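The values are calculated or read from the model by the stated rules, or taken from the named source; none is laboratory data. In this text, all values refer to a predicted model and were calculated from it rather than measured experimentally. A quick note on method: Cβ atoms are made from the backbone with ideal geometry, for glycine too, and the neighbour counts reach across all protein chains shown.
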Amino acid sequence: MIYIAEKPFKDREELKARIKLCGNWSAICVILAFLFVIIAIIEDALNTTLGLETTSWFLLGIFFVAVSISPNIHLAVYRHLYGIESESKNK
């Protein structure tokens, strides 16, 4: 867990690793969301049931879009901190 009162990162490499980690989690959540929505559309078009009902697949897609918001916010904060730190090193 990251605490705001402490130094937000130890060095540039740790910050780059966190940026990469948040980017990966965000991408995974968005890909899963699109996959669930595509499954729901195909299931509805074929008028069959692929394990869950169409509404459940759509709800899973919406859930994973909502879950992807957190890594995106962390990613924006880390990139901002990286930019501030880069500016301070240039001066």
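For (1) basic (K, R); (2) part of a helix (DSSP H, G or I); (3) surrounded by 13 or more Cβ atoms within 10 Å (Cβ to Cβ), each residue gets a yes or a no:
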| site | (1), (2), (3) |
| --- | --- |
| I31 | no, yes, no |
| T48 | no, no, no |
| V65 | no, yes, yes |
| N72 | no, yes, yes |
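Can you spot a residue in segment 15-24 that is among the polar types (S, T, N, Q), at pLDDT 80 or above and assigned to a loop (DSSP other than H, G, I, E, B)? No, that holds for no residue. Here G61 fulfils each of the conditions (1) more than 20 Å from R18 (Cα to Cα); (2) surrounded by fewer than 17 Cβ atoms within 10 Å (Cβ to Cβ) apart from (2). Among the residues of segment 6-59, those that are acidic (D, E) and more than 30 Å from A76 (Cα to Cα) comprise E43, D44, E53.
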